[in-house]
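The values are calculated or read from the model by the stated rules, or taken from the named source; none is laboratory data. It should be emphasised that the depicted structure is a prediction, and the values quoted were computed from it without experimental measurement. We place every Cβ from the backbone using ideal geometry, glycine too, and count neighbours over all the protein chains shown.
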Amino acid sequence: MPEGYLPIFIFLPVAVAFPIVLLLVFRWLRPSVPGGAKLEAYECGIKAASNARGRYTVRFYLIAILFVIFDVETIFLFPWAVRYKMLGWFGFAEISVFLAILVVGYIWAYKKGALEWV
């Protein structure tokens, strides 16, 4: 067995056991006094206005997915911007194709009405 894998084999059980041990220790240490106020949805004293398990429209989920796509776009653009000069024209072509696909997706979403909230 290569010696390079020994630290991984040592670290793996530690990484698995650490959160389990911490959860057990803090479960033992924490105060557990369930009462009427503790079992309510909010401990601030304000009664909930409605049921938290209400139904949401599909548009809410579409906006959420588009928001995630915007975040992923930013995550891909940042490393490219950092290495822009090193990548040269090849990097410019890559990001142009990426942004073109993204723009086509946004145009499709706009035509489907996914970006209209009301």
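Looking only at residues in the range 35-80 that are β-branched (Val, Ile, Thr) and outside any loop (DSSP other than H, G, I, E, B), which one is modelled with the lowest pLDDT? Walk me through how you get there before you give the answer.
Here is the first cut: in the range 35-80, the ones β-branched (Val, Ile, Thr) are 46, 57-58, 63, 65, 68-69, 72, 74-75.
Within this subset, residues satisfying the condition of being outside any loop (DSSP other than H, G, I, E, B) are 58, 63, 65, 68-69, 72, 74-75.
On the way: Val58: 74, Ile63: 77, Ile65: 82, Val68: 85, Ile69: 80, Val72: 83, Thr74: 81, Ile75: 85.
Among those residues, the one meeting the criterion is Val58.
Residue under question is Glu94, and the condition is that it be surrounded by 10 or more Cβ atoms within 10 Å (Cβ to Cβ), of a type outside the set (Gly, Ala, Ser), in a helix (DSSP H, G or I) and without any contact (Cβ under 8 Å) to a residue 24 or more places away in the chain; does it hold? Working first, answer last.
Values: surrounded by 10 or more Cβ atoms within 10 Å (Cβ to Cβ): yes; of a type outside the set (Gly, Ala, Ser): yes; in a helix (DSSP H, G or I): yes; without any contact (Cβ under 8 Å) to a residue 24 or more places away in the chain: yes.
Yes, satisfied.
Need pairs with beta-carbon distance below 6 Å; first residue without any contact (Cβ under 8 Å) to a residue 60 or more places away in the chain and within the range 49-76, second surrounded by 11 or more Cβ atoms within 10 Å (Cβ to Cβ) and part of a loop (DSSP other than H, G, I, E, B); sequence gap 6+ or separate chains.
Leu62/Ala114
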